[in-house]
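Colleague: Here you go, one structure.
Nothing in this text is a laboratory measurement; each read-out follows from the coordinates by a stated rule. The structure presented is a predicted model; accordingly, all values stated were derived computationally and were not measured. Note that each Cβ is placed from the backbone with ideal geometry, even for glycine, and that neighbours are counted across all protein chains shown.
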Amino acid sequence: MAPKMARTSVHELLRHSDRSPRGRRWRAFHLFALGAGLLAVALSSIETLPASVELLLEGVIVLVAAIFLAEYVTRLWTAPESPRFAGMTEGMARLRWAVSLDGLIGVLAVVPAFAITTGTVHANSDYAAVFCVLWILKLGQHAPAMTTLARVISNERATLASVLIIFIMVLVTAATVTHLLERAVQPAQFGSIPQALWWAVVTLTTTGYGDVVPQTIGGKMVGSVVMVSGILVLALMTGILATGFAEEERRREYLRVWDQVTKVPMFTELGTVTLSEIVSKLRVRHYPPRIVVVRRDEPGDSMFFISEGEVEVRVPQGPIRLGQGGFFGEMALLDRLPRSATIVTSQPTTLLVLYASDFYEIASHIPSLVEAVEREARRRRAENEGGLAKVTPK
Ligand code: CMP
């Protein structure tokens, strides 16, 4: 059982979404090793380096690759813990991970060291540089947005393909027409359609090197149309990707909130339809310990539900602790007054934020929730007034 628990904990640690201090330290170390490795590769391409520096750089490259090898073996070992491979045998899970993009990048990252240590390739050579630049692929692990980008491209593939087809249509038409119009004047540049395509690509992408320029009136007119079309096509692409990103982020946030909402009893008591309505209005925020979430006397535009962790409410009668399932920040919304207390996280805390405008909208749809919040606010107000009377003797 113990090795299984260790494997689960190591798998959690290696997950790039792990927010624990251990996880952060591991990611910082991994990023540092990657940076050192890439720097060593870049420097080793300088031909005039003294032999001692070359040896040092070679050492760094081998050391970094050794770290990546250890990482690869560990990831292979923990692969059965991944929910992606749930229900598979351990061997099959490992095999599936080994042939996944992550697994292949992992192998590519350790190949350079083997090549260098076995003497197949010398560190100060083009091959070593090519091998080691494969490490740049590992940087992708530190960019969660890469997965989002892949999802966006996959979701929007039909629209993107349509724009790409328009792009190709304009490109080929422009190249063909300019070839017909310009070939007599500039045979070297527009003598064939493939030659004219270079000009069309440079113009349609609005790059405009200026190395090939149409000289006939007809050619210039086609050029103008191609330039304007280029701007339109790029704007379309940007619009599609930006909307796709926003949509994907909204979907992910919805799932993140849904995950957290189930930890707040106040919400789980609501029916599924009502719950899904409120989920779309909440935002998840993670806070480390000792962070001021709300400051006394500042204006308040949101309230918070605690889905994980604990906060300390600093009121005159002494600090009050609120844990999982609790809420705060409601008084400023109900009374439209500045914050009545400062609130600080006492441990890593996850909060669900509800903005004022959404709170008022929910008030009309889910009266039971708002009544419960109002009831608690009344109790807190009374408690604070009583407490204040005690701490300020007449
Ligand atoms: P608000 O005034 O918006 O910001 C500070 C918050 O502290 C307040 O809303 C309440 O949610 C919370 N708060 C104030 N007094 C108490 C109390 N006595 N017990 C628990 N929470 C409190």
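Colleague: Using the Kirkwood radius built from alpha carbon pairs, what does the Stokes-Einstein equation give as D for the range 312-394 at 25 °C and 0.890 mPa s, in µm² per second?
Modeller: 173 µm²/s
Colleague: Springs between alpha-carbon atoms under 10 Å, Gaussian network over the chain: tell me which of Phe328, Phe131, Phe190 tops the mean-square fluctuations.
Modeller: So, out of Phe328, Phe131, Phe190, the one fluctuating most is Phe190.
Colleague: Could you state the principal axis extents of the C-alpha atoms in the range 99-181, from the largest down, to the nearest angstrom?
Modeller: 58, 35, 20
Colleague: Here is a further query. Where the convex hull is taken over the Cα atoms of the range 84-243, what is its projected area averaged over directions, in nm²?
Modeller: Taking the Cα atoms of the range 84-243, their convex hull projects to 14.8 nm² on average.
Colleague: Just to be sure I understand the rule: take each whole DSSP H helix in the chain, project its Cα atoms onto its long axis, keep it if the span is 20 Å or more and its mean Kyte-Doolittle hydropathy is at least 0.0. Which ones pass?
Modeller: For the chain, where a helix must reach 20 Å along its axis and average at least 0.0, the hits are 21-44, 51-78, 101-117, 157-182, 217-261.
Colleague: Sort the range 185-252 into rounded, prolate or oblate with this rule: let a ≥ b ≥ c be the square roots of the eigenvalues of the Cα gyration tensor; rounded if a/c is under 1.5, and if a/c is not under 1.5, prolate when a/b is larger than b/c, oblate otherwise.
Modeller: Note, shape of the range 185-252 comes out prolate.
Colleague: How big is the Rg/Rh ratio for the chain, C-alpha atoms only, Rh by Kirkwood, two decimals?
Modeller: 1.12
Colleague: Which of Arg379, Arg283, Arg24 moves the most in a Gaussian network model of the chain with Cα springs under 10 Å?
Modeller: Arg379
Colleague: Additional query: Multiply the residue gap between Ala372 and Leu334 by 0.36 nm, knock off their C-alpha separation, and tell me the result in nm, one decimal place.
Modeller: Between Ala372 and Leu334, full extension yields 12.4 nm more.
Colleague: Show that you can apply the helix-only estimate: for the chain, add -39,500 (n - 2.57) for every DSSP H stretch of four or more residues, divide by all residues, and state [θ] at 222 nm to the nearest 500.
Modeller: The per-residue figure over the chain is -21000 deg cm²/dmol.
Colleague: Please give the contour-minus-distance gain from Leu139 to Ser100: 0.36 nm per residue of separation, less the Cα-Cα distance, rounded to one decimal in nm.
Modeller: Taking Leu139 through Ser100 to full extension adds about 12.4 nm, to one decimal.
Colleague: How much length would be gained if the chain were fully extended between Thr48 and Leu13, taking 0.36 nm per residue of separation minus their Cα-Cα distance, in nm to one decimal?
Modeller: Gain in length upon complete extension: 8.4 nm.
Colleague: So if we plug the beta-carbon distance of Leu275 and Val172 into 1/(1 + (r/R0)^6) with R0 = 51 Å, what FRET efficiency do we get, rounded to 0.05?
Modeller: 0.45
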